[in-house]
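Written below as structure tokens is the structure these notes are about.
The numbers here are math on the coordinates, done by the rules we state, and not lab data. As the structure is a prediction and not an experimental result, all values here were calculated from the model. In this analysis, Cβ positions are derived from the backbone assuming ideal geometry, glycine residues included, and neighbour counts consider all displayed protein chains.
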Amino acid sequence: MLKRVVVFYLVVFLTVFTAFPVHSMFDSVGRSVEEAEENNLEYCEGGSEALCFGSYYKILPPTSYIHRLVVPDTIVIHTDDQSGKTPEKWVSSRTWNGLAGREDGGRSVHFGVGLDGVGQFLPMYKEGVMQCRGAGSLYDSHSIQIEMAGRTYNYLVTGEASPEMVDSIVAITQETVDLVVVLMDIYDIPIENVIGHYQINGSGKTDPGNLFFEQYFLPLLRERIAKSNQQSNQQGRLSELR
């Protein structure tokens, strides 16, 4: 009997470990350095309470964001309009350069996601996040905002995307969904509050594409959440058997 339990535990553990990146398996994030280290959460600066979620951490210029912490209850998804002719070059470093290079210096988001991974562009903490300038003050004051590299994501649904564009959209979306699952858990944000930029009244925006967001992004997000919940339940049952 003991052998069977041990084998079952190993199978479940390997399934979880290979299916999700480490940062998407957090159950909770503590306030202390010790607690964060136990959860494999990387701090942006040694000994600070700032949290890192991405592949790299590079703060935008001070003029691009509001220097105050806000408590997020919403996640807004954008696309940054990089050229559709070269989807194989859709990277988050270009997102950063595009925001940092603005003459007015007045635009920012918390994350850029591209083929080079997830870049975190603003300081974030367990208690709140630095306010960005990405979707208008009404939403900037209570949201986390993510810029996905590229454009015309609706083409994935309509069949107009080239093979290269399909590969890029799928890869970037998977990275973004993994990130969103983590953020939803840490900041207690319901899926109903994960929205596309186009859904903000008066924005005049169409990104990341209504068809893509409603027919591809949200179903994938729901699927990941369901898997995460199922795995949590399996781990709970295994703990009871110990």
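Would you pick out the residues in segment 68-81 that are assigned to a loop (DSSP other than H, G, I, E, B) and crowded, with 22+ Cβ neighbours inside 10 Å? Can you show your working first?
Taking segment 68-81 first, the residues assigned to a loop (DSSP other than H, G, I, E, B) are 71-73, 80-81.
If the condition is that a residue be assigned to a loop (DSSP other than H, G, I, E, B) and crowded, with 22+ Cβ neighbours inside 10 Å, then Pro72, Asp80 are the ones that fit.
Taking only pairs six or more apart or across chains, which ones have beta-carbon atoms under 6 Å, a first residue in segment 103-132 that is within 21 Å of Ser168 (Cα to Cα) and without any contact (Cβ under 8 Å) to a residue 60 or more places away in the chain, and a second residue that is surrounded by 16 or more Cβ atoms within 10 Å (Cβ to Cβ) and charged (D, E, K, R)?
Val109/Glu147; Gly112/Glu147
Can you tell me how many residues within segment 189-207 are surrounded by 15 or more Cβ atoms within 10 Å (Cβ to Cβ), assigned to a loop (DSSP other than H, G, I, E, B) and within 18 Å of the chain's Cα centre (by Cα)?
2
Listed here are the residues, each with its yes/no results for (1) in contact with a helix residue (DSSP H, G or I) (Cβ under 9 Å, 6 or more places away or on another chain); (2) over 14 Å from Asp80 (Cα atoms); (3) in a strand (DSSP E or B).
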position: Asn97; (1), (2), (3): no, no, no
position: Gly106; (1), (2), (3): yes, yes, no
position: Met130; (1), (2), (3): no, yes, yes
position: Gly134; (1), (2), (3): yes, no, no
position: Tyr153; (1), (2), (3): yes, no, no
position: Leu156; (1), (2), (3): yes, yes, no
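Of a type in the set (D, E, K, R), in contact with a Ser or Thr (Cβ under 7 Å, 6 or more places away or on another chain) and part of a helix (DSSP H, G or I): does that describe Asp167? Walk me through it before giving the result.
Numbers: of a type in the set (D, E, K, R): yes; in contact with a Ser or Thr (Cβ under 7 Å, 6 or more places away or on another chain): no; part of a helix (DSSP H, G or I): yes.
Taking the combined requirement at face value, the residue does not satisfy it.
Could you check segment 205-223 and list, in sequence order, the residues that are of a type outside the set (Ser, Thr, Tyr) and touching a Phe, Trp or Tyr at 6+ places or on another chain (Cβ under 9 Å)? Even if it seems obvious, please write down each step before you answer.
Of all residues in segment 205-223, those of a type outside the set (Ser, Thr, Tyr) come to 205, 207-215, 217-223.
Within segment 205-223, Lys205, Asp207, Pro208, Gly209, Asn210, Leu211, Phe212, Phe213, Phe217 meet the criteria.
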